[in-house]
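After the structure tokens below, expect a handful of questions from me.
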Amino acid sequence: MKTNTQVPPKLADQFLSWFCKGDLLEEIQGDLYEYFERINKNEKRWRVVLIYWFHVFNFLRPFAIRKLNGQNLNTITMLQSNITMAFRNLLKYKFYSGLNISGLALGLASCIFILIWVTDELSYDKFYENSERIYRVSSDLKFLDNKYDMAVTPAPMAEAFKMEFPEIIESGRLRNRGGVTFKKGDRLIDQDGVLYADNSILRIFSFEILHGDREKALLEPNTLVITESVAVKFFDESNPVGKSMESLGGKQFRIDAVIKDTPENSHFHPKMFISNEGDPQSKDGIWLSNNYFTYFLLDENNDPTALQAKFESVYPKYFGPQLEQFVGAGWDAMIQSGSHVNYFLVGLEDIHLYSHQDIEIEPNGDIQYVYMFGAIGLFILIIACINFMNISTARATIRGKEVGVRKVLGSMRSQLIAQFLTESVLFSFLALIIAVILTYTLTPFFENLTGKVVINPFFNQNQLWMPLIAGTFVIGLIAGIYPAFVLSGFKPVKVMKGQLRSGKSASVIRGVLVVFQFAMSIILIVGTVVVYKQLNFVQNKNLGFDKDGVIVLNSTATLGTKIQSFKEELLANPQIESVSVSGYLPTGEWRSDTAFQPEGASSDEDIVGIQVWGVDHDYVKTMGMEIVAGRDFSEDMVSDSTAVIMNMTAIKRFGYEENPIDKKIKPLGSFQGTGQTELTIIGVIDDFHYDSMHDNIGPLMIYLKSDPSVMAIRFNGENVKNVVAEIESKWSEFNPNHPLDYDFMDRQYAAKYEAEERLGTIFTVFGVFAILIACLGLFGLSSFTAEQRRKELGIRKVLGASVSNLLGLLFQGYTKLLVISIVLGLPIAYYLMNQWLQDFAYHTEIGIGLLVVSAFVAMVIAWLTVSFQSLRAARVNPADNLRYE
């Protein structure tokens with residue numbers, strides 16, 4: 001048998017052999033190959049393959065009927081006929097079919113990417129066993145004008161509440177340690193993701209224990225549980241249980257267990273747990289201080305709402321005595337003053353998207369963004385479906401004769417509807433194939449855009465391929481149902497007489513669909529512009545400190561006693577203006593709250609909760625802050641050891657707006673090792689943003705305290721590389737065993753708005769996709785309109801109309817539709833984006849200019865899309881347009 005190498009015979013042979021055997025199979029194969037020997041010389045490869053498979057199915061039809069137990073022949077014949085007609089129309093109307101398929105493919109690819117992102121966001125923490133029974137406690141505290149919404153709780157709460165409420169099976173605490181420096185031989189290595197933890201945390205969370213005993217780990221002081229990656233990092237092996245790690249301060253920690261690294265879709269990613277047994281603050285019994293993340297595992301019949309309601313009954317028991325001790329007023333007096341204490345439960349599966357408290361263990365996502373991206377995906381899909389319906393109904397007159405002939409030959413309307421729906425579904429699945437190819441091709445770009453790692457877009461644990469296939473089938477039906485009913489409703493007599501017109505109603509429907517899709521495109525354009533305007537606002541707003549020209553060195557505690565000498569060496573460089581060593585930065589994550597009272601106050605009504613930062617003498621100068629009253633710290637003033645500098649908000653909270661200098665404040669309880677019962681205000685700095693623009697500026701004070709955690713270096717000059725090289729050189733001299741870890745303060749500030757930055761980029765990318773898909777549809781409609789009106793254009797040109805006159809005529813209808821789109825889309829866009837801006841305490845405004853510019857951009861894009869085909873039609877020779885066909 002002679003075979004043809006231009007067609008894929010192996011796959012077809014396997015398919016044929018499923019239905020027939022022996023001589024019959026040889027006969028069918030021989031007929032097929034002989035047939036294709038004749039046509040291969042005159043046909044393109046892709047067309048040969050298409051026809052080849054059509055004939056394979058045609059040969060197999062009777063055998064399929066027999067194989068499938070004699071199912072209804074008419075049904076299968078009709079389905080085969082519908083598929084045949086669909087392929088013929090695909091090849092006959094390549095231009096319009098290409099627009100339909102490419103538009104749907106872009107829409108589906110966009111939706112696939114958004115679906116991947118959304119399903120990942122919704123999957124957080126669901127991989128833990130009993131995740132639906134794990135809850136974290138958050139705090140809602142108010143002391144008069146001071147309100148605190150935090151994800152942390154008092155140290156004794158976990159154990160006390162477990163004893164009070166039998167619904168709580170396990171309780172455990174975590175405290176964020178940030179990073180710790182350990183020794184590995186003669187090298188120093190920083191380790192991030194370090195948390196203090198109770199042993200019960202290992203039972204609440206189903207961490208996979210690779211080595212060690214879950215029940216015995218973290219029961220003793222100075223013991224560790226590390227992840228698999230940390231084990232390899234420090235020991236070059238996976239099982240270092242029983243070995244020790246030495247911290248920078250010389251403390252030895254024994255490794256009790258090794259756990260598997262936490263998946264990305266977790267609200268926290270521990271690298272190392274240090275036992276709480278060695279932390280004195282974990283046993284201090286203070287209920288007025290909130291520092292620990294507390295988790296509860298509830299019983300199987302848990303009712304978190306009912307349990308939360310019981311919390312209120314024990315507040316007086318635990319908080320009352322300490323309020324009396326430190327404040328001099330009891331629980332009842334505090335409640336009567338308008339203050340309150342409230343702790344509430346947040347489900348583990350809800351933390352990532354719904355918890356937006358202060359002092360979160362890690363930055364969380366936001367359910368608003370899930371809704372927003374889901375809406376964008378839906379918009380794009382609707383726009384793509386609208387394109388399909390518009391182009392399909394616009395082609396009605398072209399396919400009218402086909403419908404008329406089929407009706408004359410006996411086709412029923414139901415059969416014609418089935419044909420057009422089959423065509424629509426087939427186009428949808430062809431678009432899905434292209435969309436899948438685009439998805440795999442653009443996955444690296446998507447990962448870079450969203451920061452998510454996509455292992456397998458379709459066959460991962462979320463099994464996206466199942467809803468995609470079902471969704472594509474439904475999309476094909478929805479997108480094709482209107483064209484199917486329109487096309488199948490043509491009257492054969494009118495069609496054959498050439499009296500068919502698309503009709504005013506069809507034009508109105510197409511116009512409504514164009515208005516709808518461009519209104520959605522305008523919403524996306526406005527959204528993109530507003531997001532970027534807000535990002536520009538937060539980047540350029542006066543922050544109250546100067547973030548530019550500052551290098552931040554981390555882990556400067558590794559310098560030990562040499563830190564002051566290192567600082568002096570840096571200051572010898574003329575390009576370095578000032579250097580400050582402290583534990584707190586406006587762009588950092590470390591925060592500390594303490595309660596104070598004004599001088600002479602004795603009532604709890606006068607309590608002011610305030611941020612308290614320990615800094616050095618050069619802090620204000622290095623941060624570029626403005627002193628609006630009083631003075632800065634001075635090394636010549638010994639009394640500054642009990643002095644503080646406050647921001648304007650703190651001065652107002654204490655009621656010291658007039659003459660605040662030399663006023664006193666009284667700490668409640670001991671004040672972080674100062675041993676002072678009274679502090680003196682020596683200066684006032686302007687308010688500065690130490691949290692993101694989402695939050696209002698709170699009261700804050702700074703005081704002198706030695707803390708070598710981080711070093712901020714302000715430099716002048718434009719040659720940043722030289723400054724960094726000088727710092728690296730000095731660092732290697734003073735600390736050769738520890739690599740330099742540095743960052744720029746302006747980059748740290750920008751990182752606070754990473755979610756918004758990504759939102760803007762995603763808006764832009766998918767906004768471009770939406771506009772591109774809408775323009776594909778508009779391009780197809782303009783091509784069809786120009787073709788339908790070619791005789792009219794020819795007559796007008798013969799009668800003296802210029803090209804510009806004809807362009808204006810063609811533009812007129814689309815311009816009206818675009819104006820209507822703008823009128824409908826702008827108010828919706830304004831409302832939605834104004835709601836988004838309300839999440840920022842400090843935000844830009846949506847002015848009329850922004851809306852006008854967005855509308856103009858949409859109009860120009862639409863005009864450019866229509867102009868190509870319109871200009872081409874207007875410039876055609878009238879003789880060609882008026883020629884009789």
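The values are calculated or read from the model by the stated rules, or taken from the named source; none is laboratory data. Computed from a predicted model, the values in this text were never measured in an experiment. Note that we place each Cβ from the backbone using ideal geometry, even for glycine, and neighbour counts take in every protein chain shown. Just the protein is used for accessible areas: all its heavy atoms, side chains included, with ligands, DNA and RNA removed. Shrake-Rupley method; radii C 1.70, N 1.55, O 1.52, S 1.80 Å.
For the range 224-238, what are the residues that are touching a residue at least 40 places away in the same chain (Cβ under 8 Å) and either part of a loop (DSSP other than H, G, I, E, B) or surrounded by 20 or more Cβ atoms within 10 Å (Cβ to Cβ) (or both)?
So the first thing to find is which residues in the range 224-238 are touching a residue at least 40 places away in the same chain (Cβ under 8 Å), and the list is 224-227, 229-230, 233-234.
Selection gives Leu224, Val225, Ile226, Thr227, Val230.
Looking only at the range 491-515, which residues are under 18 Å from Ile380 (Cβ atoms) and either at pLDDT below 80 or crowded, with 22+ Cβ neighbours inside 10 Å (or both)? Spell out the reasoning first.
Initially, the range 491-515 is screened for residues under 18 Å from Ile380 (Cβ atoms), giving 513-515.
Listed by number, the residues that qualify are Leu513, Val514.
Suppose we filter the range 755-767 for residues that are modelled with pLDDT of 75 or more and of a type in the set (Asp, Glu); how many remain?
1
If you take the residues in the range 142-164 that are open to solvent by less than 10 Å² (accessible area, probe 1.4 Å) and more than 19 Å from Lys283 (Cα to Cα), which one is modelled with the highest pLDDT?
So the residue we want is Ala151.
Give the range 827-839 a look and list any residue that's open to solvent by 30 Å² or more (accessible area, probe 1.4 Å) and either part of a helix (DSSP H, G or I) or closer than 13 Å to Ala519 by Cβ (or both), or say none. Show your work before the answer.
Just the residues of the range 827-839 that are open to solvent by 30 Å² or more (accessible area, probe 1.4 Å), to begin with: 827-828, 830-832, 834-835, 838-839.
Residues satisfying the conditions are Pro827, Ile828, Tyr830, Tyr831, Leu832, Asn834, Gln835.
Right, another one. For Glu362, all conditions in the list (1) under 42 Å from the mean Cα position of the chain (by Cα); (2) at pLDDT below 85 hold save one; what is the number of the exception?
(2)
Within the range 178-193, identify whether any single residue is in contact with a Lys or Arg (Cβ under 7 Å, 6 or more places away or on another chain), part of a strand (DSSP E or B) and small (Gly, Ala, Ser), and answer yes or no. Step through it out loud before you land on a result.
Kept after step one, since they are in contact with a Lys or Arg (Cβ under 7 Å, 6 or more places away or on another chain), are these residues of the range 178-193: 191-193.
From what is left, the residues that are part of a strand (DSSP E or B) are 191-193.
Add one more test, that the residue is small (Gly, Ala, Ser), and what stays is 193.
Yes, the range 178-193 has at least one match.
Conditions tested, residue by residue: (1) surrounded by 13 or more Cβ atoms within 10 Å (Cβ to Cβ); (2) within 25 Å of the chain's Cα centre (by Cα); (3) at pLDDT 75 or above; (4) within 30 Å of Pro574 (Cβ to Cβ).
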{"position": "Lys752", "(1), (2), (3), (4)": "yes, yes, yes, no"}
{"position": "Phe769", "(1), (2), (3), (4)": "yes, yes, yes, no"}
{"position": "Leu776", "(1), (2), (3), (4)": "yes, no, no, no"}
{"position": "Gly794", "(1), (2), (3), (4)": "yes, no, no, no"}
{"position": "Lys816", "(1), (2), (3), (4)": "no, no, yes, no"}
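Follow-up question, since we're still on this one. Could you list, in sequence order, the residues of the range 632-647 that are at pLDDT below 90 and either buried (at least 16 other Cβ atoms within 10 Å of the Cβ) or in a helix (DSSP H, G or I) (or both)?
Across the range 632-647, the qualifying residues are Val638, Ser639, Asp640, Ser641, Thr642.
Of (1) crowded, with 18+ Cβ neighbours inside 10 Å; (2) under 17 Å from Gly278 (Cα atoms), Pro221 satisfies all except one. Which?
(1)
Collect the residues in the range 697-749 that are more than 30 Å from Thr649 (Cα to Cα), open to solvent by 40 Å² or more (accessible area, probe 1.4 Å) and assigned to a loop (DSSP other than H, G, I, E, B), keeping them in residue-number order. Working first, answer last.
Step one: of the range 697-749, the residues more than 30 Å from Thr649 (Cα to Cα) are 716-742.
Now restrict to residues that are open to solvent by 40 Å² or more (accessible area, probe 1.4 Å): 716-722, 725-726, 728-729, 732-733, 736-737, 739-742.
Hits for the range 697-749 are Asn716, Gly717, Glu718, Asn719, Pro736, Asn737, Pro739, Leu740, Asp741.
Residue-by-condition table, conditions (1) farther than 20 Å from His352 by Cα; (2) open to solvent by 50 Å² or more (accessible area, probe 1.4 Å); (3) modelled with pLDDT under 85:
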| residue | (1), (2), (3) |
| --- | --- |
| Asp261 | no, yes, no |
| Ile274 | yes, no, no |
| Asn290 | yes, no, yes |
| Tyr295 | no, no, no |
| Leu298 | no, no, no |
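Restricting the first residue to the range 648-669 and requiring it to be open to solvent by less than 20 Å² (accessible area, probe 1.4 Å), which pairs with a second residue that is assigned to a helix (DSSP H, G or I) meet a Cβ separation below 8 Å and a spacing of at least six or different chains?
From the range 648-669, the pairs are Pro660/Ile651.
State which residue pairs qualify: first residue assigned to a strand (DSSP E or B) and inside the range 239-256, second residue among the basic types (Lys, Arg) in any location, beta carbons under 7 Å apart, and separation of 6 or more residues or different chains.
Going by the 7 Å Cβ cut-off, the qualifying pairs are Ser244/Arg254; Glu246/Lys183; Ile255/Lys243; Asp256/Lys216.
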